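Only one structure is covered here, and it is reproduced in the block below.
The values are calculated or read from the model by the stated rules, or taken from the named source; none is laboratory data. Here the structure is a predicted model, which is why all the values come from computation and not from measurement. Please note: Cβ atoms are built from the backbone with ideal geometry, for glycine as well, and neighbour counts cover all protein chains shown. With ligands, DNA and RNA removed, areas are computed over all heavy atoms of the protein, side chains included. Shrake-Rupley method; radii C 1.70, N 1.55, O 1.52, S 1.80 Å.
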Amino acid sequence: MTLFKRLYDWIDLRIGASEIVKKELTGYLLPRNINEWYSLGSVLLVIFALQVATGMLLMIYYIPDADKAFKSVTFIMNEVPFGWLIRLCHAVGSNLMIAVLLLHMLSTLIMNSYKSPRELNWVTGFILLTLAQGISLTGYLAPWSQLSFWATTVATNSASAIPVVGPYLVEFLRGGKLVGPATLGRFFAVHVAVLPVVIAAFIGFHLFLLKRTGVSTPPFGSIETDKRWKPESYSYQHHPGGIPFFPNYALQDATSITIYFAIFFAVVYFAPNLIFTPDAFVPANAFKTPPHIKPEWYFLANYQTLKIFPNELIGLTIQAVAMTLLALLPFLDRSPERHPLKRPLFLAGTIAGILVWLGLTIWGHYS
Amino acid sequence: MTMTTVRVTTLANLSLVAACALLIAALTPQAVLAAAAEQPETVCIQCHSTLPDQLGAPVNLWRKSIHAENGISCNSCHGGDPRIADQAMSPAHGFLGAPKDPDVPAFCGRCHPGVLKDYLASKHGKALGKGGPTCFTCHSNHLVLKASLDLINEKTCTQCHDFERARTIKAAMMQTEGYVLSIDRRITDYQNRGIDVERLAKSLFSVRNRFHTLFHDVDVTRVKSESAQINADLGKIDQELKGIESVMHQRKLAGGIVVAFLLGLAGLLHLLKKTFD
């Protein structure tokens with residue numbers, strides 16, 4: 001008997017580990033036609049864990065003080081052993097987290113997996129995307145560079161378009177009339193102490209919902225396990241005859257995570273300047289406005305939308321309405337059909353929407 | 001389900017999804033404002049840009065100048081209050097107007113005292129007020145040109161004398177200029193990648209300043225010997241940059257190995273998964 005087996009038996013005797021393994025791993029059956037897109041959730045869990053880990057390491061040397069923040073980041077990048085790697089992993093990770101979140105949402109949208117009984121899964125996922133963007137925004141100010149200072153100035157200023165409360169909201173966000181040391185303090189606190197906890201809680205709730213509803217069946221391929229949900233009583237969606245999570249789908253998760261890491265490290269080592277402009281390495285200067293301030297790539301469509309409309313309030317309102325409609329999509333779209341090819345209008349609308357978003361993003365980049 | 005219900009559902013879907021562009025993007029209050037905060041134009045520019053001929057021309061010339069590039073505006077040289085139209089040209093607010101020819105070096109020298117000293121010590125400076133060149137002769141006014149060897153050219157120099165001596169000086173400085181520019185590009189590249197090269201940038205700044213003092217010198221022997229010393233100092237900076245380049249190369253090599261390993265591992269995991277299908 002190997003040492004490992006003896007250790008396993010010792011633990012099993014005390015906590016019934018084999019029962020958990022059977023229920024949650026080998027006996028946890030998934031649809032036979034499950035595809036690779038379902039593994040993006042696991043990829044996101046790994047990304048979030050890596051962001052937390054690299055963030056904790058950065059906090060050892062980072063100083064959230066307007067006079068010292070930029071120098072501390074420079075110190076991390078140049079003096080701390082592997083500090084450059086940790087910082088680049090954190091910065092690149094935040095961008096890729098948004099990209100993978102968008103892909104995860106898009107696959108859910110295309111496969112119509114947001115439909116009953118998974119409305120709450122969609123809503124919590126949507127909230128998680130918003131929170132991820134919030135944590136990226138608050139972290140953006142931390143290096144106290146020209147880029148972070150002016151991007152935050154422009155971003156917080158957008159709230160001033162809200163009637164009546166706008167100016168007060170801007171002052172509340174900034175901790176003063178202008179972006180300054182107080183802004184850095186509150187953004188840092190939100191970035192490291194509030195949002196990670198809220199995001200972790202929502203991830204927990206998202207996973208809880210997944211456990212209670214069961215994994216949805218993809219609308220493609222053989223759909224022998226598909227059963228229409230009836231709003232009469234609670235029922236978990238089982239997949240009799242499906243594939244076990246372990247080892248089958250765990251290997252798919254591992255493959256997807258490894259591919260993600262290959263892309264992630266390719267950016268970290270070979271193209272970190274994809275996410276950094278030269279202004280990211282110049283200390284913040286409130287008296288010198290850089291000529292071209294652009295938001296992060298995932299806000300470029302918003303940026304361009306606001307430029308299209310002559311009035312900021314109209315631009316903001318349109319975005320708020322669109323955001324609300326997207327969040328409430330499962331409650332508005334009640335059609336039971338889930339195959340996108342059997343819903344040509346839906347598919348055409350989705351593709352058109354993606355193209356418009358991409359167009360606005362590219363336009364925003366070059367404008 | 002009735003046809004009406006189907007139609008309403010479909011329309012709802014369509015309108016929802018068609019909003020997709022504004023939707024995924026419109027996720028947080030960070031909906032960033034379009035107009036990036038830009039520096040407001042001074043009243044000098046607002047007014048003069050609408051004026052014809054010689055009153056308006058300086059604005060367009062200035063926009064292409066090294067001064068505009070570095071945020072040096074009209075009031076930086078001419079004084080006055082650039083925020084209030086009726087005070088912009090008030091002597092009480094420090095308005096100086098345009099200097100007369102002999103006053104030009106002192107006018108520019110308020111911000112460039114080192115260059116003023118070099119100029120006054122040179123044959124050019126000693127000919128000030130006697131038909132010799134001023135700063136504007138070579139650097140132009142309003143369209144102020146950055147100090148570079150391009151300013152030593154036949155067209156400019158032959159305004160006052162033949163080009164032979166200037167050609168010899170320019171040739172002696174050419175290699176050093178190229179070296180300075182090459183090191184400057186590499187330092188800027190590293191700065192743009194977050195690598196701390198501040199000390200090297202300061203060293204280059206100091207060496208470049210020494211080099212620039214030669215720009216106003218017309219003593220060929222001194223230019224040649226100083227250029228040799230400057231080249232030696234540039235060589236030291238070059239060596240340090242090569243050290244950084246070596247580290248960067250090692251990092252890329254490590255990155256290549258990591259990425260290749262991960263892609264190989266992904267392939268193996270995929271094959272392993274296939275065995276269970």
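For the pair A:Y366 and B:T158, label points projected 7 Å from Cα toward Cβ lie 4.4 nm apart. Rounded to the nearest 10 degrees, the inclination of helix A:312-327 to the longest alpha-carbon principal axis of chain A is 10 degrees.
Database remark: amide H of A:S145 closer than 5 angstrom to the amide H of A:A284 (H placed geometrically; neighbours at sequence offset of 5 or more, or on other chains; Pro and chain starts carry no H). Take every pair of alpha-carbon atoms less than 8 Å apart whose residues are at least six positions apart; their mean separation over the length of chain B yields a relative contact order of 12 percent.
Counting only helical runs of four or more DSSP H residues, what would the 222 nm mean residue ellipticity of chain A come to if each run contributes -39,500 (n - 2.57) and the total is spread over all its residues? Walk me through the numbers on the way to the answer.
Details: 15 runs with 223 residues, N = 367.
For chain A, the value works out to -20000 deg cm²/dmol.
Over the stretch A:178-329, what is the mean sequence separation of C-alpha contacts under 8 Å (at least six apart), divided by residue count, expressed as relative contact order in percent? Please list the in-between numbers first.
Numbers: 29 pairs, mean separation 14.1, N = 152.
The value is 9 percent.
On a per residue basis, the convex hull of the C-alpha atoms belonging to the stretch B:181-277 measures out at 101 Å³. Summary of packing: across the peptides B:231-239, A:242-250, the per-residue average of other C-beta atoms within 10 Å ranks them, highest first, as A:242-250, B:231-239.
Cross-link partners of B:K273 among lysines, defined as those whose alpha carbon lies under 28 angstrom from its own and excluding same-chain residues fewer than eight positions apart: A:K5, A:K22, A:K23, A:K211, A:K227. Listed by chain and number, the lysines whose alpha-carbon sits under 20 Å from that of A:K177, ignoring those within fewer than 8 places in the same chain, are A:K288. An oblate overall shape is assigned to chain B, the ratio a/c of its alpha-carbon gyration tensor axes (a ≥ b ≥ c) being 1.5 or greater and a/b not exceeding b/c.
Decide, for the stretch B:73-116, between rounded, prolate and oblate: order the square roots of the alpha carbon gyration tensor eigenvalues as a ≥ b ≥ c, take rounded if a/c falls under 1.5, and otherwise choose prolate if a/b is larger than b/c, else oblate. Display every interim value, and only then the final one.
Numbers: a/c = 3.33, a/b = 2.03, b/c = 1.64.
It comes out prolate by the Cα gyration axes.
Set the Förster radius R0 to 22 Å, insert the Cβ-Cβ distance between A:I60 and A:F270 as r into 1/(1 + (r/R0)^6), and round the FRET efficiency to 0.05. Don't skip to the answer; put the middle values down first.
Working: r = 27 Å, r/R0 = 1.22.
After rounding, the FRET efficiency stands at 0.25.
A 1.4 Å probe run over the protein assembly as shown, with the rest of the protein chains in place, finds 53 Å² accessible per residue. What would the Debye formula give as log10 I(q)/I(0) at q = 0.17, 0.20, 0.25, 0.28 Å⁻¹ for the alpha-carbon point model of the stretch B:99-147, no solvent? The Cα Debye sum returns log10 ratios of -0.43, -0.61, -0.97, -1.21. Relative to the longest principal axis of the Cα atoms of chain B, the long axis of helix B:53-63 lies at roughly 60 degrees.
Summing both sides, the accessible surface hidden between A and B at a 1.4 Å probe radius is close to 5500 Å². How large is the Rg to Rh ratio of the protein assembly as shown when both quantities use alpha carbon positions and Rh follows Kirkwood? In the protein assembly as shown, Rg relative to Rh is 1.08.
Taking the protein heavy atoms of the protein assembly as shown in the context of the full set of protein chains, the accessible area attributed to carbon and sulfur is 67 percent at 1.4 Å. With no solvent and one equal point scatterer placed on each C-alpha of the stretch B:105-232, evaluate the Debye formula and give log10 I(q)/I(0) for q = 0.14, 0.18 Å⁻¹, two decimals. Once normalised to I(0) and log-transformed, intensities are -0.68, -1.06. Gap in Å between the Cα centre of the stretch A:339-356 and the Cα centre of the stretch B:192-270? Cα centroid of the stretch B:192-270 versus Cα centroid of the stretch A:339-356: 52 Å apart.
Hey, got the average number of other protein chain Cβ atoms within 10 angstrom for residues in A:100-110? Intermediate values should be presented prior to the final figure.
Numbers: counts 0, 1, 3, 0, 0, 1, 2, 0, 0, 3, 0.
Across A:100-110, the average partner-chain Cβ count within 10 Å equals 1.
For B:K202, the lysines whose Cα comes closer than 16 Å to its Cα, not counting residues fewer than 8 places off in the same chain, are B:K236.
Comparing A:G214, A:G241, A:G180 in a Gaussian network model of chain A, where Cα atoms under 10 Å apart are tied by springs, the biggest mean-square fluctuation is seen for A:G241.
For the segment A:74-80, counting C-beta atoms of other chains within 10 Å of every residue's C-beta and taking the mean gives 2.
Summarise the partner chain shielding of A:316-327 as one whole number: the mean count of Cβ atoms from other chains within 10 Å of each residue's Cβ. Could the numbers behind the result be given before it?
On the way: counts 4, 0, 4, 9, 4, 4, 11, 10, 3, 9, 9, 2.
Mean shielding by partner chains, rounded to a whole number: 6.
Across B:K252, B:K64, B:K100, mean-square fluctuation computed from a Gaussian network of chain B (C-alpha pairs under 10 Å connected) peaks at B:K252.
Between the stretch B:122-136 and the stretch A:246-263, the alpha-carbon centres lie 74 Å apart. Other residues whose C-beta falls under 12 angstrom from the C-beta of B:L151 contribute a net charge of 0, scoring Lys and Arg +1 and Asp and Glu -1.
In the stretch A:279-302, the residues whose accessible area drops by at least 40 square angstrom when the other protein chains are added to the isolated chain are A:F281, A:T289, A:F299, A:N302; the probe is 1.4 Å and only protein heavy atoms count. For the peptides A:109-117, A:86-94, B:180-188, the ranking by mean Cβ contacts within 10 Å, running from highest to lowest, is A:86-94, A:109-117, B:180-188. About the centre of its Cα atoms, chain B shows a dipole size close to 620 debye [charges on the beta carbon of Lys, Arg (+1) and Asp, Glu (-1) only; nearest 20 debye]. With a ≥ b ≥ c the root eigenvalues of the C-alpha gyration tensor of the stretch A:298-367, is it rounded (a/c under 1.5), prolate (a/b larger than b/c) or oblate? It is oblate, given that a/c is not under 1.5 and a/b is not larger than b/c. Sorting the segments A:26-33, B:259-266 by their mean number of nearby beta carbons within 10 angstrom, highest to lowest, gives A:26-33, B:259-266. By the Kirkwood approach, averaging reciprocal distances over each pair of separate Cα atoms, chain A gets a hydrodynamic radius of 23.0 Å. Got a sec? Charge dipole of the stretch A:45-170, +1 on Cβ for Lys and Arg, -1 for Asp and Glu; which of A:T138, A:V52, A:V165 is way out at the positive end? Sorting the options by dipole projection puts first A:V52.
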